[in-house]
Amino acid sequence: MQSIFYDRARDVNHAIELARQPGTKFIGGGTNLLDLYKSGIERPVRLVDVSRLALADIEELPDGGLRIGAMASNTAAANHPLVRERYRLLSDALLNGASTQLRNMATVGGNLLQRTRCYYFTDPTFPHCNKRDPGSGCDAIDGHNRIHAILGASPQCIATNPSDMSVALVALDAIVHLQGPDGARQVPVADFHRLPEDRPQDDTVIQPGELITAVELPPSPFAQHSHYLKVRDRASYAFALVSVAAAIDLDGDTIRDLRIVLGGVAHKPWRASAAEGRLRGQSVAALTDDVLAKVGADAVAGAQPATHNAFKIELAQRAVARALAIAAGGEA
């Protein structure tokens, strides 16, 4: 039996000081970490409990934005009146993620850090996983890879990021606030997760000992026209095969700005900048079926499917088209 030490952090600085010890992990809701610990995937020597830190507040900022504390539960964030009013895209994404019981426990900070649900990563009976054991290989590449990435993968890893929340946060230009041994820093959510490249074991840009303290949402022009569409095997509780966060800022009938971000297709939320460029400055009336189909094709340009997930290409194209149509005020 492996010994494990448990500490309860008094404040953020105390948590960071405790995390200086090798093999330390922060634990909040524990909905992902404890599963990985029981499976032997994560093997922390010390757990630092940050669940009681004063980081659960959700507060309006002077510029009209919103600051969500890292310890706020997914349920609290999804149901907060200002989130529902100004950032409906985020509320919808959170409510589409996991079950009610898990949302009640899972934290906003933990959601950002949750690890892939790749079968070959979460089951240690499969010996080859570069995310678990760098250099060992990737069983998913020649295995059952129906749920895996079609964009941004590498020969080292074809896993996907499972977070619904992160997809919406990228569309909303959110910023992650971090506190660590070297002080505080801020990272756009779009840059927080990383592609696997030759270091698939590193899911994010977070540094050892850093703690997520909050997520900041700038004032959003997308409150009136946004939609989060999640396509999954069962509606009750499943991770996305493909998801789309679509957000549109209209100036009359003109698309002044927009965001198209996909989930379930890459190692990080995938922003479809080229697809956005096709529509920026266009009239809403121009969103015909043909145009939306081209935008969907732009969104998955360069896709490289594995043996069993080529269906995701057309699925993503159709999901982008539908999400945009709903966001623009079309078919619901």
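The values are calculated or read from the model by the stated rules, or taken from the named source; none is laboratory data. None of these values were measured; they are calculated from a predicted model. Here the Cβ is made from the backbone with ideal geometry for all residues, glycine too, and neighbour counts use every protein chain on show. Heads up: the accessible areas ignore ligands, DNA and RNA and are worked out on the full protein's heavy atoms, side chains in. Shrake-Rupley method; radii C 1.70, N 1.55, O 1.52, S 1.80 Å.
Based on what the data block shows, is ALA301 of a type in the set (A, V, I, L, M, F, W, C), free of Cβ contacts under 8 Å to residues at least 24 places away in the same chain and open to solvent by 30 Å² or more (accessible area, probe 1.4 Å)? No: the conditions fail for ALA301.
Applying the criterion of being within 20 Å of ALA140 (Cα to Cα) and outside any loop (DSSP other than H, G, I, E, B) to the residues of the range 295-320, the residue that is farthest from the chain's Cα centre (by Cα) is PHE311.
Among the residues of the range 74-88, is there at least one that is within 30 Å of GLN2 (Cα to Cα) and either in contact with a helix residue (DSSP H, G or I) (Cβ under 9 Å, 6 or more places away or on another chain) or basic (Lys, Arg) (or both)? No, the conditions are met nowhere in the range 74-88.
The set of residues in the range 214-226 that are of a type outside the set (Phe, Trp, Tyr) and crowded, with 21+ Cβ neighbours inside 10 Å comprises ALA214, VAL215, LEU217, SER220, HIS225, SER226.
Looking only at residues in the range 19-46 that are polar (S, T, N, Q), more than 18 Å from SER166 (Cα to Cα) and open to solvent by less than 70 Å² (accessible area, probe 1.4 Å), the one that is modelled with the highest pLDDT is THR24.
Of the set (1) without any contact (Cβ under 8 Å) to a residue 40 or more places away in the chain; (2) more than 14 Å from ASN309 (Cβ to Cβ); (3) open to solvent by 20 Å² or more (accessible area, probe 1.4 Å), all apply to GLN156 but (1).
Filtered by the rule that a residue be among the hydroxyl-bearing types (Ser, Thr, Tyr) and part of a helix (DSSP H, G or I), the range 253-294 gives a lone residue, SER273. Taken across the range 68-84, residues that are modelled with pLDDT under 95, in a helix (DSSP H, G or I) and in contact with a Ser or Thr (Cβ under 8 Å, 6 or more places away or on another chain) do not occur at all.
There is no residue in the range 117-140 that is within 22 Å of PHE192 (Cα to Cα), among the aliphatic types (A, V, I, L, M) and in contact with a helix residue (DSSP H, G or I) (Cβ under 7 Å, 6 or more places away or on another chain). The set of residues in the range 206-228 being touching a Lys or Arg at 6+ places or on another chain (Cβ under 6 Å) and aliphatic (A, V, I, L, M) consists of ALA214, ALA223. If you go through the range 99-133 and keep only what is among the aliphatic types (A, V, I, L, M) and open to solvent by 30 Å² or more (accessible area, probe 1.4 Å), you end up with LEU102, MET105, LEU113.
Condition check: in contact with a strand residue (DSSP E or B) (Cβ under 7 Å, 6 or more places away or on another chain), within 15 Å of ASP164 (Cα to Cα), assigned to a helix (DSSP H, G or I) and open to solvent by less than 50 Å² (accessible area, probe 1.4 Å). Does ALA323 satisfy that? The answer is yes for ALA323. Within the range 172-209, the set of residues being buried (at least 21 other Cβ atoms within 10 Å of the Cβ), out of contact with any Phe, Trp or Tyr (no Cβ under 8 Å at 6 or more places or on another chain) and outside any strand (DSSP E or B) comprises ALA174, VAL189, PHE192, PRO196, PRO200, ASP203. Taken over the range 47-66, the criterion of being in a strand (DSSP E or B) and buried (at least 17 other Cβ atoms within 10 Å of the Cβ) is satisfied by LEU47, VAL48, ILE58, LEU66.
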